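Working notes for the structure below.
Please treat every number below as a calculation from the coordinates, not as lab data. The model shown is predicted, which means the values in this text are computed figures rather than measured ones. All Cβ positions, even for glycine, are placed from backbone atoms using ideal geometry, and neighbour counts span all protein chains on display.
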Amino acid sequence: MATQGQSPSHAPLPAPLRGLDEAQSEIVQAIAETTLTIAALLRDGVADGPRTTNRKNRFGDTQVPLDRLTDDLFGSALRTLKAVGAVASEESPLTEVNASSDSASARYLVLLDPLDGSSNVASGAGLGSIFAVVLQTGAPPTSGDVVAAGYAVYSWETTFVLATAEGVDSFRAAVDLSTYSFEKALQMPTEGTTYAVNEGTRGKWTSATQAAIDAVSVGRSARYSGCFAVDFHRIMLDGGVFAYPGTIDRPEGKLRLFYELIPMAYVARAAGGEAADGDGALGVTLAADLDATTPVYLGSREPMQAVIRILTEQ
């Protein structure tokens with residue numbers, strides 16, 4: 001495990017990483033190394049101190065000290081890489097890096113949710129990190145520019161999931177959090193046994209949203225932890241649907257389009273699943289605003305087809 005400010009002396013993920021070239025692999029290895037550092041901080045209690053603050057991020061969400069710490073860790077690891085041209089996260093706006101380097105080599109934008117589910121910190125529940133590596137084309141990024149995406153889940157063990165054009169692989173951290181070992185290739189079940197949604201907002205859902213959630217709840221158990229990465233990982237393993245819909249008073253939703261939905265949609269589709277926003281199936285998203293929010297539906301192909309049909313028709 002590298003400490004803050006150090007470059008890893010070894011590759012945390014077993015190489016080669018399928019579907020990635022050398023520059024793309026270097027970026028993903030740096031992200032993976034940072035997740036091991038975060039896992040060690042959580043394990044060792046280095047994050048002791050105030051669990052909450054009165055500070056807000058630019059979305060109005062309350063920041064916990066770990067939000068800022070993990071954002072700094074990712075930024076420190078990525079800004080030294082020649083292939084990274086910019087980094088943007090839920091905690092920090094778009095920041096250009098390597099501005100003095102050859103612009104042809106600094107080709108990638110890295111999108112991050114550094115600490116997903118940070119409201120779970122006080123209760124000790126599961127946490128995660130979400131990322132996407134996006135090819136910069138000179139125009140606003142689109143979901144079609146993603147070359148790799150994935151997430152880490154921090155719990156009783158640390159898991160790292162990586163999706164590329166060649167599929168989705170799961171890696172498990174060693175007990176000493178020094179490296180990851182390959183666990184298995186992931187393929188999302190076509191049906192599934194669970195669904196994840198905050199039922200506490202049901203009174204603010206539109207009729208289409210209620211119909212969609214009612215459809216996926218039949219024959220499935222509700223499992224919702226408050227951490228997108230944790231809940232989505234369960235869907236990846238067991239199948240089903242994750243949903244964070246918009247509401248009547250907030251139709252644009254709460255989750256971030258580029259920092260959360262686009263990375264997870266890439267993973268879901270690479271594993272044989274499907275993704276949708278509040279209007280139906282997620283297309284090649286065009287958005288000039290990296291901070292845009294959106295309703296989110298992700299999961300197994302069969303129940304997601306029902307969700308997309310309902311959202312499209314109503």
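Contact order, relative form, for the chain: 16 percent (alpha carbon pairs under 8 Å, 6 or more residues apart, mean separation divided by residue count). Assuming charge only on the beta carbon of Lys and Arg (+1) and of Asp and Glu (-1), the dipole of the chain about its Cα centre is about 380 debye to the nearest 20. Across region 246-257, rounded Karplus estimates of 3J(HN,Hα) from the backbone phi angles (6.51 cos²θ - 1.76 cosθ + 1.60, θ = phi - 60°) give x, 10, 4, 8, 9, x, 7, x, 10, 6, 7, 4 Hz, Gly and Pro being marked x. A run of the chain free of exposed loop cleavage sites, with trypsin sites (Lys or Arg not before Pro) counted only in DSSP states other than H, G, I, E and B and at most 16 other beta carbons within 10 Å, reaches its longest extent at 83-314.
A helix-only calculation puts the chain at -8000 deg cm²/dmol for mean residue ellipticity at 222 nm, using -39500 (n - 2.57) for each DSSP H run of at least four residues, averaged over all residues. Amide H contacts of VAL296: TYR244, GLY246, each under 5 Å away and 5 or more positions distant or on a separate chain (H built 1.01 Å from N in the peptide plane; Pro and chain starts excluded). For region 65-170, a simple Cβ point-charge model (Lys and Arg +1, Asp and Glu -1, everything else neutral) yields a dipole of about 240 debye relative to the Cα centre.
Projecting the Cα atoms of LEU255, PRO141, GLY203 onto the dipole axis of the chain, where Lys and Arg carry +1 and Asp and Glu carry -1 at the beta carbon, places GLY203 farthest toward the positive end. Here the Karplus curve 6.51 cos²θ - 1.76 cosθ + 1.60, taken at θ = phi - 60°, turns the phi angles of region 127-144 into couplings of 10, x, 9, 10, 8, 8, 10, 10, 6, 7, 10, x, 10, x, x, 10, 5, x Hz, with x standing for Gly and Pro.
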